[in-house]
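Report on one structure; see the data block that follows.
What follows draws every value from the coordinates through simple rules; no lab data is involved. Here the structure is a predicted model, which means the values were calculated and not measured. Note that we place each Cβ from the backbone using ideal geometry, even for glycine, and neighbour counts take in every protein chain shown.
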2 protein chains.
Amino acid sequence: MNVFIIGLGLIGGSLAKSLRKSGFADEIIGFDRAAENLSFCIENKLIDKAAEVLEGAKIADIIILATPVDGILELMPELLNQLEEQVIVDMGSTKREIVELAAHHPKGKNFVAAHPMAGIENSGPSASFEQLFTDKVAIICNPEKNARMPLNLAKLLFKALNMKLIYMDAIEHDKDLAYLSHLSHILSFSLALTAYNVDDKERNIYNLAGGGFASTVRLAGSSAAMWNPIFLQNKENMIEALDLYISNLSLFKKHIQDNNKEGLNQLMEKSNAIYKIINQSL
Amino acid sequence: MNVFIIGLGLIGGSLAKSLRKSGFADEIIGFDRAAENLSFCIENKLIDKAAEVLEGAKIADIIILATPVDGILELMPELLNQLEEQVIVDMGSTKREIVELAAHHPKGKNFVAAHPMAGIENSGPSASFEQLFTDKVAIICNPEKNARMPLNLAKLLFKALNMKLIYMDAIEHDKDLAYLSHLSHILSFSLALTAYNVDDKERNIYNLAGGGFASTVRLAGSSAAMWNPIFLQNKENMIEALDLYISNLSLFKKHIQDNNKEGLNQLMEKSNAIYKIINQSL
């Protein structure tokens, strides 16, 4: 199988390593706007050769879109327009807009809307590794819109990555992910901005930043280029989630202000109960 | 050395295990208001015997206060009143109020205000383990208020726990900890409350709660009994930190609402830069 990976960052690079190892890909062609990503992947033999978008798409059996989600929306129309028998699979963290776009195109049945739930706070192909996807969940959205063969090919792709496949509606996907992934990133970005001022040499950060802080601030290392279009494509859900989150924080603040021990206890005990349920699912 | 541990939760239980192992404690006496904690510690030989607060304090060489911080404030006056040659060391996460209380007592020089920065989201003596403190930071506040011998004894205590000692002013401690520890807990409690409603069977939490969410929500498992009085004793700093945090979240929300890609990028890139500095300190 000839695989064309568009976008050679953490996801694209890890895909290349894993798909070659598993034998799914016989040949891997790659494209990235950033020359340094492309040359890194060639020098380190992650890909066999480079090609421009439409040129690579023409010779590939399967085209994988692993760019930030704004790049996916931008590239899809021209990719669909020139599509013959190839399959396109995307790896984006938002799904509603891309599924709508494909639904209005005659070749849209050959596009499988997917979201492999795998990532770390580091980015770029130098951070990529073969096991990134292993045992993680991959979501395929609205498989009923796909022709049978493209869907089967995508299923085999995620099987080759050793992922657990689930199916969702794109609208439901974007809403759930706002609360269970995207919000966590804003929370962590904001914590870094709150906890430390680069110009402030006073805070004893080298001694005091411990385990609890470390885990809540970790996602502040995440790529701006990746997360910017996710937040904007998932705008309505993000605003709803942020409003609810800020109202919960404000409740904590109010109870602290009022010395309301009972109110604080109720919030924390409810949170403990939810955490127990969440923890069973992790 | 005869050690009396008041409060046999995660901290008290781990202290017992570690101080016995290191040889610092020859005999360990324990007290806990909760009968199940006390019997757990006796049955599992974490402590040698149980004693009431004033009785245990009388026969101990060193009294360790490992209760939630409201318990520490409550017990201190009677402990100081009956103090002869013993040393008291507390393990509380807030320090300003307790240091002020001790400063007004004639025996206050024998009280060492400490904060071992070690903890996990699980609580109770059954979660305790010998290595909890190893290589972590212990803070002693306002050592200039101590007589020489109590201070030296406390230093040896933290040395026996294999901790790195630093010294701070209590007011500075409480402010820095608000931003670098206490805020993280409220953020995590609030995330659990926001992300999942116990009555809401719709959210696909079993498949979608991944790595980023897991690390930001982990502290939602923390003990309400421990954190309630920390938030209230550190009230002014918590409100300041929460206000700044909410204003940073609101900036993200505003930029999303306005489709302000540039504004979002600036926030995330600043956050990335801060994370780099933080990450070097972890």
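Values as computed for the structure displayed
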item: Distant alpha-carbon pairs in chain B (separation over 23 angstrom), percent; result: 58 percent
item: Projected-area mean, the stretch A:230-282, by convex hull of Cα positions, square nanometres; result: 4.7 nm²
item: Neighbouring partner chain Cβ atoms per residue of A:242-255, average, 10 Å criterion; result: 6
item: Diffusion coefficient, µm² s⁻¹, Stokes-Einstein with Kirkwood Rh over alpha-carbon pairs of the stretch A:147-217 at 25 °C and 0.890 mPa s; result: 153 µm²/s
item: Residue with peak Gaussian network fluctuation, chain B [Cα springs, cutoff 10 Å], from B:S123, B:S215, B:S223; result: B:S215
item: Neighbourhood net charge (12 Å Cβ-Cβ; Lys/Arg +1, Asp/Glu -1) for A:Y167; result: +1
item: J(HN,Hα) series, the stretch B:76-88, from Karplus relation 6.51 cos²θ - 1.76 cosθ + 1.60, nearest Hz, glycine and proline x; result: 4, x, 5, 5, 5, 4, 9, 6, 10, 9, 6, 10, 10
item: Inter-part distance where the stretch A:1-56 and the stretch A:168-185 are each reduced to a Cα centre, Å; result: 28 Å
item: Most to least packed among A:153-160, A:59-66 [average Cβ atoms within 10 Å]; result: A:59-66, A:153-160
item: 10 Å Cβ neighbours from other chains, averaged over peptide A:117-125; result: 2
item: Size of charge dipole - the protein assembly as shown - debye, nearest 20, with Cβ of Lys, Arg +1 and Asp, Glu -1, no other charges; result: 760 debye
item: Qualifying aspartates and glutamates (Cα of each under 18 Å from Cα of B:K145; at least 8 residues distant if same chain); result: B:E84, B:E85, B:D90, B:E97, B:E100, B:D169, B:E172, B:D174
item: Per-residue HN-Hα couplings for the stretch A:60-67 [Karplus 6.51, -1.76, 1.60; θ = phi - 60°; Hz; x = Gly/Pro]; result: 8, 7, 9, 10, 10, 8, 10, 8
item: Local electrostatic count at B:I72 - Lys and Arg +1, Asp and Glu -1, tallied over other residues with Cβ under 11 Å; result: -3
item: Size of charge dipole - the stretch A:2-168 - debye, nearest 20, with Cβ of Lys, Arg +1 and Asp, Glu -1, no other charges; result: 640 debye
item: Counted charge near B:N228, where neighbours are those whose Cβ lies closer than 11 Å (Asp, Glu -1; Lys, Arg +1); result: -2
item: DSSP beta bridge pairing in chain B, given as percent antiparallel to the nearest 5; result: 15 percent
item: Ratio of Rg to Rh over the stretch A:2-168 (Cα coordinates, Kirkwood Rh, two decimals); result: 0.92
item: CD proxy at 222 nm, helix term only [per DSSP H run n ≥ 4: -39500 (n - 2.57); per residue of chain B; nearest 500]; result: -16000 deg cm²/dmol
item: Proximal aspartates and glutamates to B:K136, defined as alpha-carbon separation beneath 12 angstrom and excluding residues fewer than eight positions away on the same chain; result: none
item: Share antiparallel - DSSP beta bridges, the protein assembly as shown, percent rounded to 5; result: 15 percent
item: Hits among lysines - C-alpha to C-alpha of B:K261 under 27 Å, sequence gap 8 or more where chains match; result: A:K95, A:K175, A:K235, B:K253, B:K270, B:K276
item: Amide H partners (placed H, <5 Å) of A:I5, local residues excluded; result: A:I29, A:G30, A:F31, A:I64
item: Calculated over the protein assembly as shown: convex hull of Cα atoms, volume per residue (Å³); result: 154 Å³
item: ³J(HN,Hα) computed for each position of the stretch B:4-16 - Karplus, 6.51 cos²θ - 1.76 cosθ + 1.60, integer Hz, glycine/proline x; result: 10, 9, 9, x, 10, x, 4, 5, x, x, 5, 4, 4
item: Mean Cα-pair separation over length for chain B, i.e. relative contact order, pairs under 8 Å, 6 or more apart, %; result: 17 percent
item: For B:D90, residues with placed amide H under 5 Å, excluding near neighbours; result: B:L65, B:V112, B:A114
